[in-house]
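Taken together, the values in this text are just the output of simple stated rules run on the coordinates, not laboratory data. Remember, predicted model here, so these are calculated numbers, not experimental data. Cβ placement follows ideal geometry from the backbone for every residue including glycine, while neighbour counts extend to all protein chains displayed.
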4 protein chains.
Amino acid sequence: MTVRIAVAGASGYAGGELLRLLLGHPDVEIGALTAGGNAGTALLAHQPHLLPLADRVLVETTAENLAGHDVVFLALPHGHSAEIAARLGDDTLVVDCGADHRLTDPGAWERWYGGTHAGSWPYGLPELPGRREVLRSARRIAVPGCYPTVSSLALAPAVGGLVEPEVTVVAVSGASGAGRSLKPNLLGAEVMGSLSAYGVGGTHRHTPEITQNLSEVAGGPVKVSFTPVLAPLPRGILATCSATLRNTDEDVRAVYREAYADEPFVHLLPEGHWPTTGAVLGSNAVQLQVTVDPDLNRLVVVAAVDNLAKGTAGAAVQCMNLALGLPETTGLSTVGVAP
Amino acid sequence: MTVRIAVAGASGYAGGELLRLLLGHPDVEIGALTAGGNAGTALLAHQPHLLPLADRVLVETTAENLAGHDVVFLALPHGHSAEIAARLGDDTLVVDCGADHRLTDPGAWERWYGGTHAGSWPYGLPELPGRREVLRSARRIAVPGCYPTVSSLALAPAVGGLVEPEVTVVAVSGASGAGRSLKPNLLGAEVMGSLSAYGVGGTHRHTPEITQNLSEVAGGPVKVSFTPVLAPLPRGILATCSATLRNTDEDVRAVYREAYADEPFVHLLPEGHWPTTGAVLGSNAVQLQVTVDPDLNRLVVVAAVDNLAKGTAGAAVQCMNLALGLPETTGLSTVGVAP
Amino acid sequence: MTVRIAVAGASGYAGGELLRLLLGHPDVEIGALTAGGNAGTALLAHQPHLLPLADRVLVETTAENLAGHDVVFLALPHGHSAEIAARLGDDTLVVDCGADHRLTDPGAWERWYGGTHAGSWPYGLPELPGRREVLRSARRIAVPGCYPTVSSLALAPAVGGLVEPEVTVVAVSGASGAGRSLKPNLLGAEVMGSLSAYGVGGTHRHTPEITQNLSEVAGGPVKVSFTPVLAPLPRGILATCSATLRNTDEDVRAVYREAYADEPFVHLLPEGHWPTTGAVLGSNAVQLQVTVDPDLNRLVVVAAVDNLAKGTAGAAVQCMNLALGLPETTGLSTVGVAP
Amino acid sequence: MTVRIAVAGASGYAGGELLRLLLGHPDVEIGALTAGGNAGTALLAHQPHLLPLADRVLVETTAENLAGHDVVFLALPHGHSAEIAARLGDDTLVVDCGADHRLTDPGAWERWYGGTHAGSWPYGLPELPGRREVLRSARRIAVPGCYPTVSSLALAPAVGGLVEPEVTVVAVSGASGAGRSLKPNLLGAEVMGSLSAYGVGGTHRHTPEITQNLSEVAGGPVKVSFTPVLAPLPRGILATCSATLRNTDEDVRAVYREAYADEPFVHLLPEGHWPTTGAVLGSNAVQLQVTVDPDLNRLVVVAAVDNLAKGTAGAAVQCMNLALGLPETTGLSTVGVAP
């Protein structure tokens, strides 16, 4: 079987990472590559690492250009996917790396993004309870945000009963998480040698997505204090997550070990090893470690992920594999590029 | 007045930063520069940025070599300062950048460092309530740890009543915080492009120091969940601190504004501006911002500091100024080197 | 004496560095701060490290706003300084950090920049033979480009006779050298973890400026092969310069030692020490080292400079000091901020 | 066919990169993993990115432990490979990533490394004229140094006649090139934010290797002025190479295009595109661009490579493929991990 795919937003970071992974996928043929303002330019000008696609030219992001493919990946700013998806056939698998269809609550959408909610699609985090089966038959998939991916996987095994339903997440991210946005604070001269928090006080748009995931797993409302921090590296998120333990005699490591025992991409590290983002660079792996702070009776989980890979494009490919009935790990790796 | 100073541990990062600042101090004359294993080598081999001291050779760290100065700065591994201080006259001002004399509780010392407690010295964080006056007459001063400096200043205005006495601190630090230790995980190839947490679960030795500070300010026990994260930059700490607000109608920004209104080095930024470590590089400033997450009724404070400057050597110079009756800001700046 | 200064282009990197240095200058009072598109915004939004100027608002860059100061620093894109300077009195010292008045040959200007040459001003590199005296009475000064500063100082002692008149310069620079330009290749995510050459083959605009300097020192044409490389650091240039030695029995180190023996900012390092940009961060120092490759009979000089300090703003302050009859080193330092 | 391989020096950077690539090689089974001082420890402690080998423990580097494999990769300090190779059967393919067998001239070995030359092995740079065929039947292969790889490929098409036989190479490298050496100047705090040249004046040990390669290609002596520069990134080398053009009317781009037209890993970029190391991160590709500086009639070539991949481990796998009769590109990619 050869799957013909298209990528909308191929000149951005998510689009580039999708293509990097798809070039190594044995069952994929790369079709249309589209862009907005960059339409008409050579892909190589934006993605100099994709040598096998050096002769490709970007075409405009239109439903016409995206039609006729088995799978269409959307890596677009939010607000653009619903209209395009509506014009692609129901049998086309549409995998949206943007935010449009992640939130299930229209009120949350309006509060955090503004405008009308475009409706929710099956959520592409198969490691959450019950999600994998839904994805197997999906033809529309909403890829999770990068922070929600790592935060939800870090805390999902705990919120079901181990801890009180109020969690704190401080997640440090590399600069590619902001996309190819031309903002002064994202310039190399300012990113390097500096650390900065942003979206403090629960104002980052990934907050409701984390809340939604954890609340669903917990079966009741979970409050999330979320702070993202920008650090000087290209890729990677390290999330430090904590919550007060309930009175329990459960072995927290055993709970985590069991939760992810059969997962190909989520790894609880051996005791004494702590996750680093360098170790997951370019890979689809999530590395986790858990401990308990005895002075506060508080669970602390540290998790590392590559925001562009498992945090975006890797998850998209993983979901494509599931939806197409391919082995879930095809074209994906748990081996990072380090150092 | 010219103050003659000596620096023990002049080949390390803290020693280098002390000398950098002291070279710009108008009232200081630089005397003996000592080292352990590096004794006998040129200072320039270790501190290539200190051109005016290019002809200096390091001598051995002994009480004899340090004697005869008005001020002796100790930038040594913990466990070494008590013996040296005992052999320097009581009228010599000894400023210890190490941990030996920070903790007041011998039990805490034994738990966290092991061995016998050498006793506590006046704690060199003049911005904490009541500390400045003590430092004016001190002849032995314990300079705070870098994480305790930024964490304590970030939360001190709150723990007296604004928030519940359980706080969470996730502090991201540059690599110089670990000193010039030859460990594989501190090599450039491994630090760059990676983020890692360490001392997770309350096991970092700065935890009891933060706890001690905040508990004293609060007038009762404060529990501290502290996680340090190593990030790829040479200097700087960004601390994200949070705690549940008590029922209060106090204006939290007003509380912070008043707390530091007269402080020359601690700055609550104007609303809408958030601290970055790049902005305090090389300076003695602490930049703060506060907000409240309405969904959790949780105070969130972000603070930035240069771990080597206000976090170590700048604080040492500030304390020297106080103890010698010099203007507190002499030789120090609130202007960072950015970008 | 208090000198009242204005800075045009205060929201950019050069403008910020000028203000950082001028805040530490004992004889300066900071007056108007102007900007183009950023006029009307708070300086702190662009220069978060300049806390003492936190209440300043940028005004528009007009001759009216710049009038009435003793010194006006121009940190503007090229093509803007002549008109402004013409409207400021002849007794106002105008120090231009831009390129407009560096080249003496109108033909070179037209080739490299296009348009009409605005005429040349005294060139602000006092360490070149004969330049210091001219600067003492200048009221218009053209600050050298960052690459020309380090390259010219590295090779000036050699081109007068030690080497053949064809030199190779490969200069690696941090990202601030490109200014606050919003270009994708300057984004943190792309700068970090990558190295790139640009302006290869003699096409960078600093090439004719280096050629002009070295040819004047040599008293005849010197050919310059110049390649700049962008590296992942905020500041600093390291230039590797080489040329074939003439038949000579001169001691090249002695030649360099003598050339800069009385210079406060240019330092030939002791043998065995090699320059690093980290050691000059934030300082006005140039660090040099020279050697001879015996297999090729080729002189190799390595030089380090902070592109924003001695490479731009530090040179501007140094020239102001000269032109105003102040001690040349006032407000400047040879001590870097390291590590 | 499944090839059973062993890696000696599996705890180092070259060893880690070998294993990363070999984990993705379809025909390889990973056998013994050996180390020196790290024998007895878990591989994961040194290579946290190699999750599929998380249960492996390092054994001692002895001929006994390495025996019984089809291929043995040696990633050891120089001076260790000859003795081990002598104790492995002649039918075992031994691929040495160290320097021991690269130089053909015993005198050069003695001058640059000291001690007795262990003899030369077939040189693992198949893209040089005539080398590929030799490698197909080799059972001992010397993998080139990282700088010689990129420098030789950048200049090989030119030294045969296009240019005068004196070339200048300034090559900027990431920190992993120095290996996991515990030296202060390789610490993250010192590498980040700084640039430094080393081995200046032709004293770096890769100089004779570049000279050997280019002289053989040229059919006569080529003089090489080589300066390596350390920059703050984990991986990657960008080499700027130049030489005076001979009187020629040849189209230099055409010469380069033809030279590498059939090479799977060496890519002359389309005009207007310049190599970046970020684009080759983790890949086996070499990206090249050439131009002529008309003012000096000088050829300038810029080349980018990942020092650990094509610069070391990728070349080793490529050579293994050749020697075993596998398709040369098996398990290797030209797609980098960017940004």
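Okay, here's what the table says:
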{"item": "Alpha carbon centroid spacing (whole Å) that separates segment B:49-99 from segment C:159-190", "result": "42"}
{"item": "Label 7 Å beyond Cα on the Cβ vector: A:R257 copy-to-copy distances, nm", "result": "5.5, 6.2, 6.8"}
{"item": "Antiparallel DSSP beta bridges within the protein assembly as shown, percent to nearest 5", "result": "50"}
{"item": "Of all DSSP beta bridges in segment B:147-305, antiparallel share, percent nearest 5", "result": "70"}
{"item": "CD proxy at 222 nm, helix term only [per DSSP H run n ≥ 4: -39500 (n - 2.57); per residue of chain D; nearest 500]", "result": "-7000 deg cm²/dmol"}
{"item": "Listed residues C:T312, C:T329, C:T62, most fluctuating in chain C (Gaussian network, C-alpha, under 10 Å)", "result": "C:T62"}
{"item": "Extension reserve of the D:L324-D:R132 stretch, reckoned as 0.36 nm per residue once the Cα distance is removed", "result": "67.9 nm"}
{"item": "Nearest-first distances (nm) between copies at B:G114, label 7 Å from Cα via Cβ", "result": "3.7, 5.8, 6.9"}
{"item": "Label 7 Å beyond Cα on the Cβ vector: C:L182 copy-to-copy distances, nm", "result": "0.7, 4.8, 4.9"}
{"item": "Residues of segment B:128-165 with amide N under 16 Å of a point placed 7 Å along Cα→Cβ from B:D90", "result": "B:137-141"}
{"item": "In Å, descending, principal axis extents of the Cα set of chain B", "result": "60, 46, 39"}
{"item": "All-pairs Cα distance distribution in the protein assembly as shown, expressed in whole percent, bin size 10 Å", "result": "2, 9, 17, 22, 22, 17, 9, 2, 0"}
{"item": "5 angstrom amide H check on D:K223, placed H, neighbours 5+ away", "result": "D:E166, D:V167"}
{"item": "Residue exposure sequence - A:E110, C:E328 - by fewest surrounding Cβ within 10 Å", "result": "A:E110, C:E328"}
{"item": "Sorted by Cβ density within 10 Å, fewest first, the residues B:D27, C:D91", "result": "C:D91, B:D27"}
{"item": "Given C:K183/D:K183; C:K310/D:K183; A:K183/D:K310, the pairs whose alpha carbons are separated by over 32 Å", "result": "C:K183/D:K183; A:K183/D:K310"}
{"item": "More than 28 angstrom apart: percent of Cα pairs within segment D:147-305", "result": "20"}
{"item": "For segment B:146-235, diffusion coefficient by Stokes-Einstein and Kirkwood Rh (Cα), 20 °C, 1.002 mPa s, µm²/s", "result": "154"}
